[in-house]
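Down below is the structure, laid out as structure tokens.
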Amino acid sequence: MQLILPAPLEDTAEAISRDDMTMYESLLAEGVLTRTTAINRDNIQPVAELHIGLIQYLGGAYHLRDAERFRKAVSMHLSLAEWLVERFEPEPRHLLVDLCLSVINGSSQTRRSLARAILTAPGGVDIHDEAGLLATILAATSDLDRGRAVLEIARLRNACVARTFPRLRTRALIAFAIGAREINAGTTTRFASWLLRMDSSRLASIVKELTRAQRGESTAITAASFIDLPAAALASLAASRLRRRDGDTFPKTFFSDYRWIAEAGWA
């Protein structure tokens, strides 16, 4: 079952997607220049800023189901991924999007390189760092490091219990944690229900923020809100552990359709 935004809110969502894509359109031609700037400054910040814009572009293209432009953004992301790991020691949160894309349909070499960089990052990940925790869980799960995965899943659940994150986000993160735990335990019998819970939690949050936007109230919603790459990557990992016909029974989701991402991003 696919979740669908109410018609008036969909108009607002499409407008946000188009506006953000227009804002960041020029980024697709700036990858080489950004890399050169980062090297000259010996600083990761220019690439980090590029990634912020690219996830907005990815989210907008995904929501509009614009496969051609989505593919361009995926290509730009992954063209910088391994270079970024070799040149700098990025924090796990900076590699989350690249790891998700490589898990869904990227090269196994890139996926392994990113996973290793995340799992060996110095200093560990703070419990308040949502992106860092998700990156570490996905890296350990994709790298078949069950012990590390179980440890990081427990840390994420502890952060949720401690109300570290907003209420609706906490619902999605708990579902992510339980889904990841099932994959690492070798069972995915209930994974579909947790996947739907992730999607419905994001829908509730987006409906709330789009309603605020329609009223002219302050909102933090951007095009990046419309794609849930960690959930899509987790679903892709779950499907890869099953026979094809069983994986095909996973429900289509609105914000984490890994099948569409895999087809559009690498067509």
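The values are calculated or read from the model by the stated rules, or taken from the named source; none is laboratory data. Just so it is clear, the model here is predicted, and its values are computed rather than measured. Reconstructed Cβ throughout: ideal geometry from the backbone, glycine too, with neighbour counts over all protein chains shown. Note: accessible area is taken over every heavy atom of the protein model, side chains too, but ligands, DNA and RNA are not part of it. Shrake-Rupley method; radii C 1.70, N 1.55, O 1.52, S 1.80 Å.
Observations
- Qualifying residue in the range 157-175 (condition: at pLDDT 95 or above and closer than 16 Å to Leu99 by Cβ): no
- Every pair of residues 6+ apart whose Cβ atoms lie under 6 Å, when the first sits in the range 84-113 and is more than 21 Å from Ala38 (Cα to Cα) while the second is outside any helix (DSSP H, G or I): Asn105/Trp266
- Among residues of the range 145-164 that are free of Cβ contacts under 8 Å to residues at least 40 places away in the same chain, those with a beta-carbon under 7 Å from a residue that is open to solvent by 50 Å² or more (accessible area, probe 1.4 Å) and of a type in the set (D, E, K, R) at least six positions away or on a different chain give the pairs Ile153/Arg181.
- Cβ-Cβ distances below 8 Å connect the following pairs, each with a first residue in the range 119-134 that is under 12 Å from Ala159 (Cα atoms), a second residue that is of a type in the set (Val, Ile, Thr) and surrounded by fewer than 16 Cβ atoms within 10 Å (Cβ to Cβ), and a separation of six or more residues or different chains: Leu133/Ile127.
- Filter pass, Asp129 being among the charged types (D, E, K, R), open to solvent by less than 30 Å² (accessible area, probe 1.4 Å) and either within 21 Å of Tyr24 (Cβ to Cβ) or touching a helix residue (DSSP H, G or I) at 6+ places or on another chain (Cβ under 7 Å) (or both): no
- The set of residues in the range 148-165 that are closer than 14 Å to Glu130 by Cβ and not in a loop (DSSP other than H, G, I, E, B) comprises Glu152, Ile153, Arg155, Leu156, Arg157, Asn158, Ala159, Cys160.
- Of note, Ala162 does not satisfy the criterion of being farther than 29 Å from Ala15 by Cβ, buried (at least 22 other Cβ atoms within 10 Å of the Cβ) and not β-branched (Val, Ile, Thr).
- Enumeration of residues in the range 58-76 that are at pLDDT below 95 and not charged (D, E, K, R): Ala73, Val74, Ser75, Met76
- Out of Ala139, Ala149, Ala238, one residue alone is open to solvent by less than 30 Å² (accessible area, probe 1.4 Å), at pLDDT 95 or above and under 27 Å from His63 (Cα atoms). It is Ala139.
Listed here are the residues, each with its yes/no results for (1) in contact with a Ser or Thr (Cβ under 6 Å, 6 or more places away or on another chain); (2) among the polar types (S, T, N, Q).
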residue: Thr164; (1), (2): no, yes
residue: Gly179; (1), (2): no, no
residue: Ala185; (1), (2): no, no
residue: Leu203; (1), (2): no, no
residue: Ala213; (1), (2): yes, no
residue: Ile227; (1), (2): no, no
residue: Pro230; (1), (2): no, no
residue: Thr253; (1), (2): no, yes
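- Cross-chain or 6+ apart pairs with Cβ under 7 Å, the range 47-62 first and farther than 19 Å from Ala13 by Cβ, then outside any helix (DSSP H, G or I) and open to solvent by 20 Å² or more (accessible area, probe 1.4 Å): Leu50/Glu30
- Candidates Ala213, Ala149, Ala192, Ala204: the one that is in contact with a Lys or Arg (Cβ under 9 Å, 6 or more places away or on another chain), aliphatic (A, V, I, L, M) and over 21 Å from Val97 (Cβ atoms) is Ala204.
- Filtered by the rule that a residue be open to solvent by 50 Å² or more (accessible area, probe 1.4 Å), in a loop (DSSP other than H, G, I, E, B) and closer than 29 Å to Val150 by Cβ, the range 174-223 gives Gly186, Thr187, Thr189, Arg190.
- Residue match in the range 126-134 (condition: within 18 Å of Leu229 (Cβ to Cβ) and among the small types (Gly, Ala, Ser)): yes
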